[in-house]
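Novice: My questions will all concern the structure given below.
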Amino acid sequence: MKKRWYCGMVAALLLAAPPLLFAQTTTPTAPAPTAPAEQVYTFVEQMPTFKGSRTDSIMAYIRRNTRYPDEALKAGASGKVFVTFVVNKQGLVEQVRVARPLQDDLDKEAVRVIQSMPAWQPGQQNGQPVAVAITVPISFVMQAPAQPAAAAPKYPGGPEALLAYLAAAPYPEAARATEADVRLFIRFKLDATGKVMGAKIIGPLMRKPAATPPPRPATEAENLEVEQAAVAYIQAMPAWAPATLDGAAVESEQLVLPIIFSPNPAPNSAAKPYPYADQAPVFGAEATRMDIQTSIQRAIKYPAQALRNQVEGTVYLYFVVNETGALEQMQVVRSAGTELNQAVLEAARSQPVALTPPRYQGKPVKVFYVLPFSFRIR
């Protein structure tokens, strides 16, 4: 009896022992074989179904959730990205990859949109859910955003009348000491009634020496008097037809005009470039049409040495867009240092011929521009 009780206790203790203790008293078993990778089909009896709203589809979901990356817009990148992904047995999207890349930012956005999709109804083969690979194209097409209807200000009588007004600037007495041609550039705006406001000189006063040496160089006080005369002449302009936005008169953007004081003014020639035109020139490609300031700004590269030295500033560039749409007569009229000046000039010289040249009354014309290009370190 005692022996049977003892054996029974031993058996009970063995049965009650934790698995780890029991395993230590047995021969180790071989590791379980690795499960085979899930088979991925490309075509099955019942293909996966996108589970959006009742009126939704995969392409509608993609169009609604895709955002055009800013860097891709700036680079003018467009086209289609082909993305492959797997809808697994549970209907979840996985293994997303770009099958045909286009541009880095567009590729990343295409992958992001696919990864954001909700679960699908999984595909089936022989009545069983299976994993299925799918490839979809995602289109990135740049469209010009809707812009409010805007109109630039217009001088009474048009650009020819404005040229005549600028050419009629009376020669200031302070300039007679040097008898030189003097050129200045005046920056100003027009208020909502078309009147000049905030006229200021930009850049240095530029003198062209006379044929004979002047009796003496101009004094600082004389230069100041010439500058004040130029500002006063611009401020005395008749009111323009103001700029408009959606039909309402508004304050204009910044304008810059040259004043040339000459003891022997040249007759107003039809060859002179206009200060503005009915139709501004258009630059870029058909898919990325832009104005000349935007086109030059995009081509500017911040000089590495200027970046290292923390050099900032604004360069004002004078240039002409001729009847063919080409840029010519480029000149810095307000400097921000040699390196920044050169960066702006190189960007301007790199510009292709405009898609459409400036036009006035339906005919191609020459137009001059004085535009600012700013360098800021963020």
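What follows is calculated from the coordinates using simple rules that are stated; it is not laboratory data. As the structure is a prediction and not an experimental result, all values here were calculated from the model. Cβ: placed from backbone, ideal geometry, glycine included. Neighbour counts: every protein chain shown.
Novice: What's the local net charge at residue 167, with K and R +1, D and E -1, over the other residues with C-beta under 12 Å away?
Specialist: 0
Novice: A further question follows. Along its principal axes, what span do the Cα atoms of the stretch 63-206 show, with the longest given first and each in whole Å?
Specialist: 100, 32, 24
Novice: On alpha carbon coordinates alone, what is the Rg over Rh value for the stretch 218-310, Rh being the Kirkwood radius?
Specialist: Radius of gyration over Kirkwood radius for the stretch 218-310 works out to 1.06.
Novice: Additional query: Run the simple label-point estimate for residue 38 and residue 142 please: 7 Å along Cα→C-beta, distance reported in nm.
Specialist: 4.1 nm
Novice: Cβ neighbours within 10 Å, averaged per peptide: list 192-201, 336-345 in order, most packed at the top.
Specialist: Output ranking for 192-201, 336-345: 336-345, 192-201.
Novice: Related question: Given a Förster distance of 35 angstrom, what is the FRET efficiency for residue 125 paired with residue 71, based on the Cβ-Cβ distance and rounded to 0.05?
Specialist: Here the calculated transfer efficiency is 0.25.
Novice: Got the relative contact order for the stretch 303-356 handy, in percent, Cα pairs under 8 Å and 6 or more residues apart?
Specialist: Once normalised by length, the contact order is 36 percent.
Novice: Using a 10 Å cut-off on Cβ atoms, rank the peptides 57-65, 316-324 from the highest mean neighbour count down.
Specialist: 316-324, 57-65
Novice: In addition: Straight distance only, please: which lysines reach the Cα of residue 200 with their own Cα at less than 16 Å, same-chain residues fewer than 8 apart left out?
Specialist: Reachable lysines: 189.
Novice: Rounded, prolate or oblate, given the Cα gyration tensor of the stretch 274-378, with a/c below 1.5 counting as rounded?
Specialist: Prolate shape, in that a/c is at least 1.5 and a/b is the bigger ratio.
Novice: Work from the charge dipole of the stretch 53-127 (Cβ charges, +1 for Lys and Arg, -1 for Asp and Glu, about the Cα centre) and give the residue of 78, 92, 125 farthest towards its positive end.
Specialist: Of the options given, the answer is 125.
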